[in-house]
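The values are calculated or read from the model by the stated rules, or taken from the named source; none is laboratory data. Computed from a predicted model, the values in this text were never measured in an experiment. Here Cβ is always computed from backbone atoms with ideal geometry, including for glycine, and neighbour counts include all displayed protein chains.
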Amino acid sequence: MKQLSTAAEHKTEQRAKLRGRPWVPGQSGNPSGSRVSKRAVALFSAMAADFGGEAMLSAVDRTLLEQAACLLVRSERVKDPDSAVRLSNASARLLASLQKRLERKSEPPVSPLHEYLNSRADP
């Protein structure tokens, strides 16, 4: 009989510990981290394919594209039309900056002046 009372006391102590905030300050309540929606992942994959695939993106490029996808998802969910326009405009600016970054990467490097002069003098 004594074992039953100690088991009941143990359960009561556990319940008392779980009341309120079970996490210490600064610790996330989501043990797996922040949640990324399936829609954001699908948008990221589709947009990455437009930019040549995920393998072609640097870490900065990936981050810009992820942020743009998350902003687009938020713009789809928000009820206020002004906020939706702001979010989609922010996403468009991120995508434009990413496009410029990738265009600069694909341009051939500028040859030094002496190589140019040598090529002109060799006829």
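Total residues in the stretch 73-92 satisfying the condition of being under 14 Å from residue 44 (Cα atoms) and modelled with pLDDT of 95 or more: the figure is 2. Taken residue by residue, the stretch 95-115 has no member that is in a helix (DSSP H, G or I) and in contact with a Lys or Arg (Cβ under 6 Å, 6 or more places away or on another chain).
If a residue must be acidic (Asp, Glu) and farther than 17 Å from residue 104 by Cα, how many such residues does the stretch 42-65 contain? Break it down into steps so the answer makes sense when it comes.
Within the stretch 42-65, the subset acidic (Asp, Glu) is 50, 54, 61.
Restricting the remaining residues to those that are farther than 17 Å from residue 104 by Cα gives 54.
Result for the stretch 42-65: 1.
Look at (1) under 16 Å from residue 97 (Cβ atoms); (2) polar (S, T, N, Q); (3) modelled with pLDDT under 65 and you find that residue 58 fails only one, number (3). Taken as a whole, the stretch 102-122 holds no residue that is modelled with pLDDT of 90 or more and out of contact with any Gly (no Cβ under 7 Å at 6 or more places or on another chain). In the stretch 76-96, which residue that is among the polar types (S, T, N, Q) and within 16 Å of the chain's Cα centre (by Cα) is surrounded by the fewest Cβ atoms within 10 Å (Cβ to Cβ)? Across the stretch 76-96, the extreme among qualifying residues is 88.
Number of residues in the stretch 7-33 that are within 16 Å of the chain's Cα centre (by Cα) and at pLDDT 65 or above equals 1. Residues that are under 16 Å from residue 62 (Cβ atoms) and either charged (D, E, K, R) or out of contact with any helix residue (DSSP H, G or I) (no Cβ under 6 Å at 6 or more places or on another chain) (or both) within the stretch 79-99 comprise 97, 99, listed in sequence order.
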